[in-house]
There are 2 protein chains.
Amino acid sequence: MRRTIFYVSDGTGITAETIGHSVLTQFDGIEFDTFRIPFVDDEAKAQLACVRIKTSFAQTGMRPIVINTVVDPALTEVLTASGALMVDVFAPFIGPLEDELGTPRSRHVNKAHGLVNFAEYEARINATNYALSHDDGVSTNYADADVILVGVSRSGKTPTCLYMALHYGIKAANYPLTDDDLDNIELPSRLRPYRSRLFGLTIDPQRLAQVRENRRPNSKYATIEQCRWELAQADKLFKRENLPLQNTTHTSIEEIASKILSTLGIEKHMF
Amino acid sequence: MRRTIFYVSDGTGITAETIGHSVLTQFDGIEFDTFRIPFVDDEAKAQLACVRIKTSFAQTGMRPIVINTVVDPALTEVLTASGALMVDVFAPFIGPLEDELGTPRSRHVNKAHGLVNFAEYEARINATNYALSHDDGVSTNYADADVILVGVSRSGKTPTCLYMALHYGIKAANYPLTDDDLDNIELPSRLRPYRSRLFGLTIDPQRLAQVRENRRPNSKYATIEQCRWELAQADKLFKRENLPLQNTTHTSIEEIASKILSTLGIEKHMF
């Protein structure tokens with residue numbers, strides 16, 4: 001079975017899409033065709049969205065489902081006229097929170113991913129620049145690092161560092177283990193002062209060989225023997241140094257980042 | 001007034017934090033101390049979370065608020081015993097969606113940001129590598145680009161490209177306008193074949209000068225005169241070429257990305 005989902009928001013639609021995705025993954029056996037309608041912040045745009053939803057209803061013969069984070073009830077009313085099943089993300093929580101906090105919510109447009117303050121913006125940009133300049137051993141001055149990811153080449157370090165920078169403003173460096181490190185089963189001395197900020201990444205050898213093969217076809221670097229050896233040596237090193245560790249093979253970037261933050265006790269928050 | 005918020009999840013906690021952040025920004029004048037408790041997927045971890053929430057209640061004298069995305073009702077019950085105000089993110093939507101879809105939800109642990117399939121993972125990693133190798137004019141082969149951001153140095157191109165890569169698996173290149181381009185008010189010929197994928201970024205001169213000053217203090221590059229001139233020339237170029245345009249000064253990375261996607265009609269979805 002297929003059903004059509006519209007994420008409608010007066011802002012970016014990220015909140016609608018995040019919660020919609022989470023809820024929909026709980027329904028097995030249904031295929032969802034999903035569409036984003038962001039920045040619906042006046043009546044004309046709401047009317048346009050309504051027409052689009054109605055058209056989908058007519059074309060598919062199935063009632064579309066609208067995951068809605070539009071704050072203004074007048075605009076939600078316009079959307080409801082489309083005949084879709086309306087799932088209002090905020091509505092159920094506003095009452096209990098107003099009671100608990102003893103204050104009514106303000107009714108301005110969804111601010112969660114909109115206006116920024118410069119300090120936050122700067123923290124993200126600086127962290128992103130930091131990740132880029134401390135990627136793959138480019139700079140090895142780790143004094144400012146909040147976290148240093150350690151692992152063999154292509155074990156998932158770079159995307160994880162960039163994700164933590166963009167999302168949490170975390171200064172994340174990464175150190176690719178060299179042949180010397182692996183031969184000696186020893187951390188390089190310049191990492192030693194920062195032991196409490198080290199976090200190891202590992203990956204299954206089959207998967208690593210596949211990733212490396214895509215990158216450098218038919219190289220020794222991509223052979224399963226080479227991958228097995230590097231990972232075995234790295235695992236010995238992680239055990240010997242007692243580093244916290246995550247296998248990235250079946251783990252999303254979000255989950256790896258979340259594990260690192262909770263393991264190292266970093267309480268930075270999302271933007 | 002200050003209140004304590006716990007984001008509790010059987011997965012990463014990203015959904016809980018996203019919706020919690022969206023709802024809480026609607027309450028003005030209250031400071032929130034927020035804490036993440038991810039991976040609460042068995043009773044022992046739920047008991048531990050409960051103790052932590054109770055301790056906060058005792059220390060602050062104020063009832064904590066729990067934004068909860070734990071799927072297993074038995075674990076939610078353990079959390080509820082903490083005495084916190086429980087805000088269950090999924091509960092209000094499950095009933096209506098089960099009715100509409102004609103099937104009960106499956107009760108496995110929140111999968112939204114957990115297990116990955118390799119195709120998705122590969123798309124994100126490839127897009128991230130693409131953004132890195134097509135950053136700042138490093139590679140100027142744009143044939144595979146889904147989008148090419150154009151703007152002066154430090155107008156916000158790199159973080160936006162990385163964000164779109166990590167979040168949507170979008171191949172985003174960026175092209176920094178050169179002095180030649182700005183002098184001639186003309187796009188370089190190698191961008192011409194990809195006109196429909198170009199998107200301009202601009203920024204306020206004051207803000208640009210500040211960002212550049214942080215990067216290269218006391219340089220001509222960072223003077224307000226230089227910034228004004230470059231931005232004025234770039235704006236003329238954008239107008240002449242009729243490129244879609246976003247000012248990044250007061251706009252978050254999420255919002256810039258969302259605007260680009262909706263303007264260029266790219267319907268890729270979040271991971």
A:Ala74 to A:Ala58: extension gain in nm, 0.36 nm per residue of separation minus the Cα-Cα distance?
3.3 nm
Total formal charge among the other residues, if their Cβ is under 10 angstrom from that of B:Phe32, Lys/Arg +1 and Asp/Glu -1:
0
What size of dipole, in debye to the nearest 20, comes out for region A:118-264 about its Cα centre when the only charges are +1 on Lys and Arg C-beta atoms and -1 on Asp and Glu C-beta atoms?
160 debye
Rounded tilt (10° steps) of B:157-168 against the dominant C-alpha axis of chain B:
40 degrees
In square nanometres, what is the average projected area of the Cα convex hull of chain A?
18.8 nm²
For helix B:91-101, what angle does its Cα long axis make with the longest principal axis of chain B, in degrees from 0 to 90 and rounded to 10?
80 degrees
Taking only DSSP H segments of four or more residues, each worth -39500 (n - 2.57), what value at 222 nm results for the protein assembly as shown once the sum is divided by all its residues, to the nearest 500 deg cm²/dmol?
-14000 deg cm²/dmol
Amide H neighbours of B:Phe6 under 5 Å, at least 5 residues apart or on other chains, H built in the peptide plane: list them.
B:Phe35, B:Ile65, B:Val66, B:Ile67
Can you tell me the orientation of helix B:224-241 relative to chain B, as the angle in degrees between its alpha-carbon axis and the longest Cα principal axis, to the nearest 10?
90 degrees
Given backbone amide H placed at 1.01 Å from N, residues whose amide H is under 5 Å from that of A:Ile203, ignoring those fewer than 5 places away on the same chain, are A:Thr248
Work out the FRET efficiency for A:Arg190 and B:Asn184 from their Cβ-Cβ distance, taking R0 = 30 Å, and round it to the nearest 0.05.
0.05
Which of rounded, prolate or oblate describes region B:118-264 when judged by the alpha-carbon gyration tensor and an a/c cut-off of 1.5?
prolate
Pairs to check: A:Lys268/B:Lys157; A:Lys171/B:Lys171; B:Lys45/B:Lys268. Give those whose C-alpha atoms are more than 30 Å from each other in this structure.
B:Lys45/B:Lys268
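Since every read-out is calculated from the coordinates, none of them should be taken as a lab result. Predicted model only: the values in this text are computed from it and were never measured. Here Cβ is always computed from backbone atoms with ideal geometry, including for glycine, and neighbour counts include all displayed protein chains.
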